[in-house]
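Q: There's a structure below that I have some questions on.
The values are calculated or read from the model by the stated rules, or taken from the named source; none is laboratory data. Quantities reported herein were computed from a predicted structural model and do not represent experimental measurements. Positions of Cβ are generated from backbone atoms using ideal geometry, with glycine treated the same way; all protein chains shown enter the neighbour counts.
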Amino acid sequence: MSIITLTTDLGRKDFYVPSIKGKILRNLDGNASIVDISHEIPIFNINYAAFTLKNCYHEFPEGSIHIISVDSEVNANTPALLMKHNGHYFISGDNGLFSLMFDRIPEEIYEITVDQDSDILTFPTHNIFIKVACHIARGGTPEIIGKRTEDFKKYQNFRAATTSQAIRGQIIYRDSYGNAITNISKRLFNEIGRGRPFLIRFKSYEIKNISNTYSSVPSGEKLAIFNSTDHLEIAINRGVLGGGGSASQLLGLGLNEVVLIEFLDL
């Protein structure tokens, strides 16, 4: 049975998500396992979608098919793409998302050439992406429904900027606890920092060290930590949304807020 995942900014209030699932199951005679990764991606936020999927797709079996419906309009300037990478298939519009997800160029890239299932152009996930996913799920090859290409839209703003003395990153994700996660990786921190003392600055706040656990500081105190994705996270110990205040609430850390790490010479 094929595994097909869904990552969308469609929410759960409307009929869009169940119509996608129903069409997949109808086309595959019910022979598919559909997994919701998230339908609560902020609307049009491909950074958020890339971070979400990047940190979980590898836990699925190879051969899994990942449909990404975030800022997914398809037109003459934005074709639909199918990518094969690390044994997984990814389907999305050519909106720059893939350049934010992967640290290197995907192994195989195809521009989708199949016709839409409908003349309606506003829902390509329903009219194109499902068709592609079901073709792959049946054992079809990408060459049948697309043409090989090396051209896809590339963005760099997901990556932190660096000098020999500093890393300038930004908040790219806020989890359900209200923790603010940056695009600064542990690898980059170690590479630029080289063991030097540092200051983490954001808004009008400073943090002088990185904690190993949330409980390294008293309840209600701010901290910086490298989380399970190895990205720098600003948090408040035992601070949660609606329960006294989270880091994003109390420290005013919205998406795209700048976080600066300055390294001090010994």
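Q: Scan (1) among the small types (Gly, Ala, Ser); (2) surrounded by 13 or more Cβ atoms within 10 Å (Cβ to Cβ); (3) in a helix (DSSP H, G or I) for the single condition residue 215 breaks and write down its number.
A: Checking residue 215 against (1) among the small types (Gly, Ala, Ser); (2) surrounded by 13 or more Cβ atoms within 10 Å (Cβ to Cβ); (3) in a helix (DSSP H, G or I), the one that fails is (2).
Q: Cβ-Cβ under 7 Å, sequence separation 6+ or interchain: first residue in segment 1-23 and without any contact (Cβ under 8 Å) to a residue 60 or more places away in the chain, partner of a type in the set (Asp, Glu). Which pairs?
A: As it stands, the answer is 11/40, since those pairs meet every condition given.
Q: Go through segment 21-58 and report how many residues are under 19 Å from residue 85 (Cβ atoms) and of a type outside the set (Ser, Thr, Tyr).
A: Let us first name the residues in segment 21-58 that are under 19 Å from residue 85 (Cβ atoms), namely 35, 37, 46-47, 49-58.
Adding the requirement that they be of a type outside the set (Ser, Thr, Tyr) leaves 35, 37, 46-47, 49-51, 53-56, 58.
Adding up the residues that qualify gives 12.
Q: While we're on this one: Can you name every residue in segment 163-222 that is aromatic (Phe, Trp, Tyr), more than 21 Å from the chain's Cα centre (by Cα) and at pLDDT below 95?
A: 214 - this is the single residue of segment 163-222 that is aromatic (Phe, Trp, Tyr), more than 21 Å from the chain's Cα centre (by Cα) and at pLDDT below 95.
Q: Name the single residue that is surrounded by the fewest Cβ atoms within 10 Å (Cβ to Cβ) among those in segment 134-153 being in contact with a Leu (Cβ under 9 Å, 6 or more places away or on another chain) and of a type in the set (A, V, I, L, M).
A: If we take residues in segment 134-153 being in contact with a Leu (Cβ under 9 Å, 6 or more places away or on another chain) and of a type in the set (A, V, I, L, M), then 145 is surrounded by the fewest Cβ atoms within 10 Å (Cβ to Cβ).
Q: Name the residue, out of 230, 265, that is modelled with pLDDT under 90, surrounded by fewer than 17 Cβ atoms within 10 Å (Cβ to Cβ) and closer than 17 Å to residue 192 by Cβ.
A: Among 230, 265, only 265 is modelled with pLDDT under 90, surrounded by fewer than 17 Cβ atoms within 10 Å (Cβ to Cβ) and closer than 17 Å to residue 192 by Cβ.
Q: Of all the strands (runs of 3 or more DSSP E) wholly in segment 5-116, which have at least 2 residues that are in the same structural domain as residue 129 (by TED's automatic domain parsing) and closer than 25 Å to residue 170 by Cβ?
A: Values: elements: 32-38, 65-69, 80-85, 88-93, 108-112.
Correct list: 32-38, 65-69, 88-93.
Q: Here is a follow-up. Given (1) within 19 Å of residue 51 (Cα to Cα); (2) of a type outside the set (Val, Ile, Thr); (3) assigned to a strand (DSSP E or B), where does residue 201 come up short, assuming only one miss?
A: That leaves (1) as the condition not met.
Q: Does segment 184-197 contain at least one residue that is among the acidic types (Asp, Glu) and either touching a Gly at 6+ places or on another chain (Cβ under 8 Å) or not assigned by TED's automatic domain parsing to the domain that holds residue 10 (or both)? Steps first, answer last, please.
A: In the first step, residues of segment 184-197 are kept if they are among the acidic types (Asp, Glu); the result is 191.
Now narrow it down to the ones that are either touching a Gly at 6+ places or on another chain (Cβ under 8 Å) or not assigned by TED's automatic domain parsing to the domain that holds residue 10 (or both): 191.
Yes; the residues of segment 184-197 include at least one that is among the acidic types (Asp, Glu) and either touching a Gly at 6+ places or on another chain (Cβ under 8 Å) or not assigned by TED's automatic domain parsing to the domain that holds residue 10 (or both).
Q: Just to be sure, is residue 27 surrounded by fewer than 18 Cβ atoms within 10 Å (Cβ to Cβ) and more than 19 Å from the chain's Cα centre (by Cα)?
A: Taking the combined requirement at face value, the residue does not satisfy it.
Q: Given the conditions (1) in contact with a Lys or Arg (Cβ under 8 Å, 6 or more places away or on another chain); (2) more than 17 Å from residue 160 (Cβ to Cβ); (3) of a type in the set (Gly, Ala, Ser), and given that residue 180 satisfies all but one, which numbered condition is not satisfied?
A: (2)
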